[in-house]
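K.L.:
My questions will all concern the structure given below.
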Amino acid sequence: MLWIVRKVSGFVLDFFHSVVKKGSNASTIQKLVHNGQNLNDPSQIGEHILDFYTSLYADNAQANCSYLEMQNFVSKYIPSLVTEEEIKQVVFDLNGDSFPSPNRFGGSFYQACW
């Protein structure tokens, strides 16, 4: 009887690992085409995405902004946009049994950590 339990446990672990691996691959950009050129290397893809969003959202005033200045801006303005109670309400409205997001954390994780 013990060998049956071990065999089933092994099957369950194999299944779990295959699901985790598929989830990891599903949330990764494998290839990107830019100006007819294929980018397959993860560092090239990351560099292109960073350059794209930097040029998209940066203007001259923000491009020269230091990390400390940005941190001060966030500390000053973000708390006035949303209250802690509103954030808590959103966290506890999450379905705790739902499939985890790409970061691998489901609603129950955030609720337990609150």
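K.L.:
For GLY36, indicate whether it is modelled with pLDDT of 65 or more and surrounded by 11 or more Cβ atoms within 10 Å (Cβ to Cβ).
P.N.:
When the stated conditions are applied, GLY36 does not pass them.
K.L.:
Only one of HIS17, HIS48 is surrounded by 10 or more Cβ atoms within 10 Å (Cβ to Cβ) and at pLDDT 65 or above. Can you tell me which?
P.N.:
Step by step, each of HIS17, HIS48 is checked, and only HIS48 is surrounded by 10 or more Cβ atoms within 10 Å (Cβ to Cβ) and at pLDDT 65 or above.
K.L.:
Considering only helices (runs of 4 or more DSSP H) fully contained in segment 52-114, which possess at least 2 residues that are modelled with pLDDT of 80 or more and on the phi < 0 side of the Ramachandran plot?
P.N.:
Per the criteria, 67-81, 84-93, 107-113.
The values are calculated or read from the model by the stated rules, or taken from the named source; none is laboratory data. Everything numeric here is computed off the predicted structure, so don't read it as measured data. Note that we place each Cβ from the backbone using ideal geometry, even for glycine, and neighbour counts take in every protein chain shown.
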